[in-house]
Amino acid sequence: MKERTIVNRMIAACCALAAGIAAVCAFSTCDAVADATDSASGSIAIAYSHNSSESGTTIADADISLYKVGKVSSGANFKPIAPFTNSITYPFDWSTLTDKDAKVYRDAANTLAGLIALNKPEATQTGITNTTGNLTFSNVEDGLYLIIAGAVENDEYRCESANMLIAVPENGLTGGKRALNIEPKAECSMNSPATIQREVRKVWNDRNNSDGKRPDEVTVTLLRDGETYETVTLNASNGWKHQWNGLTDGHTWVIVETDVPDSYTMSVDQENKTTTITNSHTPQQPPHTGSNIEQVARIAVASLGGGIILLLLARGVRGTRDGKRSDMAGDK
């Protein structure tokens, strides 16, 4: 009878667990994620313009490349596809794309664009914007895409390159639109100078090098139109930064880290003429020394208390014995 009761309880527990899992999926994205094998094609319509407040802000004759860099995974996350699965040539932390913050995606786009400029993989599709700044990519499979718009210069303005990450279907979710319309903006100057400058800064995110894995120096490369222009070393003596002056305008200038240190990932933040490269490393968790000290202290206090009790008992016994001896002496 007892065995039957135990079996019934186990069956009930399993049913409850299954119901709980079903409930979690019902209220999460379990059914909201696009099928990774879904090959339905979509389109990306681009209306490219610059940030000028003047009229006629569309950018014509811009070379735009489309790279499929990832596929939709569970939980509306993304996993890289070849060649971006190579963590040596593409040391990018893909787990950061779970954050929906616009800055995270902007930094990710700049990081991947720099690595693409260095490694030169083949683009999925390419095109040129028309006189109204429009371009449409058709037959776009589901996935995560990087859009790279090259620099443009004409008699009116000089525009920097622009990078953007976008998912098909929209946000990587089932039911999301597959016919997407985007309006990327480029940093442009109406009267570009004859020369420009670029600056690179190195930032470390490794808990002040608590694991001791931070190298003494790193190398970064300045690319001009995708080709190596100059490689420099960053270290503590130069404040982990470098500035290039007198660079000829009319070229696409990109700064990348040449060799990312082992166990570190890289992210790039582009603000005007300054490129900030952050190397991140998660150190090993330190031992819980505080809890060990607390245990030792408790044992010491307990031992001290026990010693006091034993001392009092010993004195009590001695006192009793002395009393008995006195009584016996008196009886005599």
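Read-outs: derived from the displayed coordinates by stated rules, not from any lab. Computed from a predicted model, the values in this text were never measured in an experiment. When we count neighbours, we look across all protein chains shown, and the Cβ atoms used for this are built from the backbone with ideal geometry, even at glycine.
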Using the 10 angstrom Cβ neighbour count as an exposure proxy, how do Cys159, Cys188 rank, fewest first?
Cys188, Cys159
Computed E for Thr58/Asn208 - FRET, C-beta separation, R0 35 angstrom, nearest 0.05:
0.15
The Rg/Rh figure for the stretch 195-280, Cα atoms and Kirkwood Rh, to two decimals is 0.98
Mind ranking 119-131, 139-151 by how tightly packed they are, going by the mean number of other C-beta atoms within 10 angstrom, highest first?
139-151, 119-131
Label points 7 Å out from Cα along the Cβ direction at Thr136 and Thr96: separation in nm?
3.4
For Glu160, Glu257, Glu170, what's the fewest-to-most ordering of other Cβ within 10 Å of each Cβ?
Glu170, Glu160, Glu257
With +1 on the Cβ of every Lys and Arg and -1 on the Cβ of every Asp and Glu, the dipole magnitude of the stretch 195-280 about its Cα centre, in debye rounded to the nearest 20, is 260
How far apart, in nm, are two points set 7 Å out from the Cα along the Cα-to-Cβ line at Ala194 and at Glu271?
3.1
Along the Cα→Cβ direction, 7 angstrom out, place labels at Asn154 and Asn181. What is the inter-label distance in nm?
2.3
Could you tell me which of the pairs Lys103/Lys185; Lys71/Lys100; Lys103/Lys273; Lys120/Lys185; Lys103/Lys177 are separated by over 19 angstrom between their Cα atoms in the structure shown?
Lys120/Lys185; Lys103/Lys177
